[in-house]
Amino acid sequence: MSDTTTPLKVQKTEAEWREQLTPEQFKVARKHGTERAFTGPNWDQHARGTYTCVCCDRPLFSSETKFDSGTGWPSFYAPIAPDAVSEHTDRGFFMTRTEIRCADCDAHLGHVFPDGPKPTGLRYCMNGVAMNFDKAE
């Protein structure tokens, strides 16, 4: 008997992801890359709307929680829902950080740091190229 309340992970082959995504999106979202600061889409977006996963369209962040962190990447103090993203230990580059991925397809989105504003004190520092922006009506 299967648990129908738990959605299945989006799984595609590397070739399918390469066909769906631009080379930069693939490098960041599927190969855990990082876009250069101040170059990705929506780092300076101020419209109201929802940020979704570039790989599977899962809603990830609301413009309501976006703030200007001065880093050149879209930053949020909370995800749109607690189960929208997952956390993973990243020990790359001789440090330990908390990586943030899309909960539905494991796309690499960025990292979370404990230096954000109230009410959470967190800074979800995301790669703009890993998300689409759906402007509110």
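The values are calculated or read from the model by the stated rules, or taken from the named source; none is laboratory data. Remember, it's a predicted structure, so these values are computed and weren't measured experimentally. Ideal geometry is used to build each Cβ from the backbone, glycine not excepted, and the neighbour counts take in all protein chains shown.
Computed quantities for the displayed model
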read-out: Subset tally (residues that are buried (at least 19 other Cβ atoms within 10 Å of the Cβ) and in contact with a Phe, Trp or Tyr (Cβ under 6 Å, 6 or more places away or on another chain)) for segment 64-74; value: 4
read-out: Top-ranked residue of segment 11-50 - restricted to ones that are of a type in the set (A, V, I, L, M, F, W, C) and crowded, with 17+ Cβ neighbours inside 10 Å, ranked as farthest from H108 (Cα to Cα); value: W43
read-out: Conditions (1) among the hydrophobic types (A, V, I, L, M, F, W, C); (2) crowded, with 19+ Cβ neighbours inside 10 Å; (3) in a loop (DSSP other than H, G, I, E, B); (4) at pLDDT 95 or above; number of the one not met by F61; value: (3)
read-out: Looking only at segment 83-137, and only at residues there that are under 14 Å from the mean Cα position of the chain (by Cα) and of a type in the set (V, I, T), the one that is surrounded by the fewest Cβ atoms within 10 Å (Cβ to Cβ); value: T98
read-out: One residue from T52, T71 being in a loop (DSSP other than H, G, I, E, B) and among the hydroxyl-bearing types (S, T, Y); value: T71
read-out: Cβ-Cβ under 8 Å pairs, at least 6 apart or on other chains, segment 8-35 side at pLDDT 95 or above, far side among the aromatic types (F, W, Y) and in a loop (DSSP other than H, G, I, E, B); value: E35/W73
read-out: Evaluation of S86 against (1) in a loop (DSSP other than H, G, I, E, B); (2) in contact with a strand residue (DSSP E or B) (Cβ under 7 Å, 6 or more places away or on another chain) (one fails), failing number; value: (1)
